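Worksheet: one structure, shown below.
The values are calculated or read from the model by the stated rules, or taken from the named source; none is laboratory data. Predicted, not measured: the structure shown is a model, and the values here were computed from it. Reconstructed Cβ throughout: ideal geometry from the backbone, glycine too, with neighbour counts over all protein chains shown.
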Amino acid sequence: MAEAPVPLPGVSGSFPMTDREWDKLTNLVLDRCVVPVIGPELLTWQEDGKEQSLYSACGKKLADQSGLVFPADRAHHALYDVANLLSLKLNSGDLAFDIDDVMRRNPWPIPDVLRKLSEIPGFSLYVTTTIDHLFEKALQDARGPGEEIENIVFTPRGVKSRIDLPNNFGPTSATVLYHLFGSSSAVSDTFAKTEDDLIEFSWSLLDQQYSPDNLYDYLQKKTVLLLGCSFPDWLARFFIHALNGRRHEETINIYYVSPNCEAGLADFLVRRRAKVITTETPVDFVSKLHRLCRERNANGDVAPRPSPELQTEFKSGAVFLSYASEDRARVREIRSQLEAANIDTWMDERALQPGDEFEQSIRENIRSAAYFLAIISRSLDQPPRALGGYVLKEWKWAENAALERHKEDVFLQPIVIDDTPAGARFVDSPYRDLHWTRLRDGRLPPEFIDLLSRGIRKFRRAK
């Protein structure tokens, strides 16, 4: 039986997701025309029969360690409420460290809904409005170690080449997770810590000088799923303007999925032709979309994901990361930390193929790098033939490149990521004899990152 016609929603109603609407949305997803935007309402899990919110849990943890009263009446926004209070007595760097410490040093579970979202085929770009790293982990688990996940972190007044999508980004590009309000790190100004920071990020997203134009261009004619982005009215309006990138507001098809949509915001969204869905939670919405896409996949309706395009671009003065393949996951974490601090990096996993041209490209990249980070671990304790890859060749090429540098440039930087003892015989000279930097709680020391930042600026000024 055909479905009865449903009247168009009024400003106070919820858009009806009929079977036809679900079928239309599923087709758009499988045709790679949809960009999901992750909000705080997706960061929930069940514990002792109760729903837990990451922002609420982090806010409580932050309040407890700072001796503040936890604002239980604003659970979903508790992290920012506590951070706003702490900003009155802490400097920006200390506040960034405390928030990042709470985010990263606790075993927060990856919500099941994030795993489901990461398993849906058809997404080349994900945008997150949250500052955590849970979806990044869910996405990597779903895609596996063989597929590159590119993290792009927006920061106010950032360099456009680092805060925007690559040129000619498209369906065949490597998957991108775009952090709209930054990503937590121990480095100040890399993420929105307070509501004042959210305003600054929002203004920068609208500022023509600093806005991510490639991102805005890509979103044109796309369907954007705002999933659990339960912002205050004022911030949501900033956000919608930013998504439209100062362009005509009807060019982006928007679904706003949240039962917590304020009346004034709902009116604003509907005037911009958005589909406001308040009758189901974003968790239920994603779960249903996941099920429908799996059913279509079981019927053979999903095309295989195209292989990523070659990504060979190297920025002069970047940091070259050289490692054994067994350590790839750990090195990716190091790269994410460096890039969160606005340090350009390069790893030789990025779709290059073996051959003479490949070797020449790597040699040139090493010579153009400001620093060569030789990753040391027990993975190196095996015969050279068993190591495979180019790691030993890279170390030799870097040793030769170091001869062209001043000694005070400290071009060669050994980084130890496990308990390898100093002077280990399986580490070749000169790397065995240099000063080794060791990770602290799995992260590079702040003073080492500062050394790299200052050295890169000096290297680029000399060019």
I need the full set of residues from the range 327-343 which are more than 17 Å from ILE131 (Cα to Cα) and either among the β-branched types (Val, Ile, Thr) or touching a helix residue (DSSP H, G or I) at 6+ places or on another chain (Cβ under 9 Å) (or both), in order please. ASP327, ALA329, VAL331, ARG332, ILE334, ILE343
Set TYR371, TYR323: member being modelled with pLDDT under 95, buried (at least 21 other Cβ atoms within 10 Å of the Cβ) and either of a type in the set (Ser, Thr, Tyr) or outside the structural domain of GLU148 (by TED's automatic domain parsing) (or both): TYR323
Does ARG363 satisfy the condition of being basic (Lys, Arg), modelled with pLDDT of 85 or more and not in a helix (DSSP H, G or I)? no
Suppose we keep only residues that are assigned to a helix (DSSP H, G or I) and over 18 Å from THR437 (Cα atoms) within the range 329-357. Which one would you say is modelled with the lowest pLDDT? ASP356
What number goes with the only condition from (1) modelled with pLDDT of 90 or more; (2) in contact with a strand residue (DSSP E or B) (Cβ under 9 Å, 6 or more places away or on another chain); (3) crowded, with 20+ Cβ neighbours inside 10 Å; (4) not hydrophobic (A, V, I, L, M, F, W, C) that GLU21 does not pass? (3)
Going residue by residue through the range 396-418, is there one that turns out to be surrounded by 13 or more Cβ atoms within 10 Å (Cβ to Cβ), farther than 30 Å from ASP100 by Cβ, small (Gly, Ala, Ser) and more than 31 Å from the chain's Cα centre (by Cα)? yes
Between a residue in the range 448-459 that is assigned by TED's automatic domain parsing to the domain that holds GLN413 and any residue that is assigned to a helix (DSSP H, G or I) and crowded, with 19+ Cβ neighbours inside 10 Å, which pairs come within a Cβ distance under 9 Å, given they are 6 or more apart or on different chains? ILE449/GLN337; ILE449/LEU338; LEU452/LEU338
Would a scan of the range 428-435 turn up a residue that is touching a Phe, Trp or Tyr at 6+ places or on another chain (Cβ under 9 Å) and surrounded by 16 or more Cβ atoms within 10 Å (Cβ to Cβ)? yes
Could you say whether any residue in the range 162-182 is surrounded by fewer than 17 Cβ atoms within 10 Å (Cβ to Cβ), closer than 18 Å to GLU339 by Cβ, in contact with a Gly (Cβ under 8 Å, 6 or more places away or on another chain) and of a type outside the set (Phe, Trp, Tyr)? no
Residues of the range 145-156 classified as assigned to a loop (DSSP other than H, G, I, E, B) and closer than 15 Å to LEU180 by Cβ, total: 3
When residues of the range 275-320 are filtered for being at pLDDT below 90, touching an Asp or Glu at 6+ places or on another chain (Cβ under 7 Å) and in a helix (DSSP H, G or I), how many remain? 0
Going through the range 205-251 in order, the residues found to be at pLDDT below 70 and part of a loop (DSSP other than H, G, I, E, B) are GLY245, ARG246, ARG247, HIS248
Condition set farther than 26 Å from VAL276 by Cβ and of a type in the set (Val, Ile, Thr), scope the range 185-204, selection modelled with the lowest pLDDT: answer is VAL187
